[in-house]
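Right, one structure below, let's go through it.
The values are calculated or read from the model by the stated rules, or taken from the named source; none is laboratory data. All values reported here derive from a predicted model rather than from experimental measurement. Every residue, glycine as well, gets a Cβ built from its backbone with ideal geometry; the counts of neighbours run over all protein chains shown.
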């Protein structure tokens with residue numbers, strides 16, 4: 001399936017939520033009012049979503065719209081922002097939604113998660129390899145020693161955010177990689193952007 005644009009994803013979410021609440025699809029007029037566009041523009045967007053396979057349409061009527069089975073199965077999950085590499089501190093600070101998303105179990109909803117595709121080899125000793133999808137919780141108030149975190153230490157630029165094991169020490173913290181080729185970093189201050197709560201891997 002081709003990826004949806006940010007606008008298409010928003011329309012699909014609206015249609016899905018509407019169908020869940022009312023048991024039928026919204027009209028093009030409803031969609032147009034919601035997104036402040038014409039009914040024609042709404043129709044064109046829906047047509048693009050159907051073409052990409054995220055909606056099924058049995059006949060020419062908009063009311064015949066349905067979510068494909070593989071999409072319906074995802075209703076037990078929630079979509080979270082997905083970065084195609086380790087995000088920078090500025091990207092995370094902006095709180096802007098990403099164009100890409102991935103699905104995680106609904107029980108993680110309270111963790112306020114985001115995800116990224118691992119590109120670094122900093123944690124290969126912990127079984128975290130390039131290509132894995134790291135699911136991170138923004139709820140860092142329960143941070144404890146031994147947690148794997150995405151963090152920025154004092155003296156580092158915003159682009160040097162790292163996936164490391166955290167350990168608190170007097171007057172600072174130690175951010176340790178799990179790779180014998182890399183050394184640990186002792187910092188006086190550390191800003192933790194996320195705690196690893198789940199790891200996903202594709203074997204194909």
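Select from the stretch 3-23 the residues that are under 14 Å from residue 45 (Cβ atoms) and part of a loop (DSSP other than H, G, I, E, B) and list them in ascending order.
Correct list: 4, 5.
Could you check residue 78 against (1) modelled with pLDDT of 90 or more; (2) surrounded by 13 or more Cβ atoms within 10 Å (Cβ to Cβ); (3) closer than 29 Å to residue 119 by Cβ and say which number it fails?
Single failed check for residue 78: (1).
Please report, ordered by residue number, the strands (runs of 3 or more DSSP E) entirely within the stretch 81-179 with at least 3 residues that are under 25 Å from residue 13 (Cα atoms) and at pLDDT 85 or above.
Ranges flagged: 113-117, 133-137.
Taking the criterion of being surrounded by fewer than 17 Cβ atoms within 10 Å (Cβ to Cβ) and closer than 21 Å to residue 191 by Cβ, would at least one residue in the stretch 120-137 satisfy it?
Within the stretch 120-137, none of the residues are surrounded by fewer than 17 Cβ atoms within 10 Å (Cβ to Cβ) and closer than 21 Å to residue 191 by Cβ.
What about residue 46, is it part of a helix (DSSP H, G or I), at pLDDT 85 or above, surrounded by 17 or more Cβ atoms within 10 Å (Cβ to Cβ) and touching a strand residue (DSSP E or B) at 6+ places or on another chain (Cβ under 9 Å)?
Working: part of a helix (DSSP H, G or I): yes; at pLDDT 85 or above: yes; surrounded by 17 or more Cβ atoms within 10 Å (Cβ to Cβ): yes; touching a strand residue (DSSP E or B) at 6+ places or on another chain (Cβ under 9 Å): yes.
So residue 46 passes the test.
Can you tell me which residues in the stretch 153-170 are under 17 Å from residue 121 (Cα atoms) and in contact with a helix residue (DSSP H, G or I) (Cβ under 9 Å, 6 or more places away or on another chain)?
159, 160, 161, 165
Mind checking whether some residue in the stretch 161-173 is on the phi > 0 side of the Ramachandran plot, surrounded by 13 or more Cβ atoms within 10 Å (Cβ to Cβ) and touching a residue at least 12 places away in the same chain (Cβ under 8 Å)?
For the stretch 161-173, residues on the phi > 0 side of the Ramachandran plot, surrounded by 13 or more Cβ atoms within 10 Å (Cβ to Cβ) and touching a residue at least 12 places away in the same chain (Cβ under 8 Å): present.
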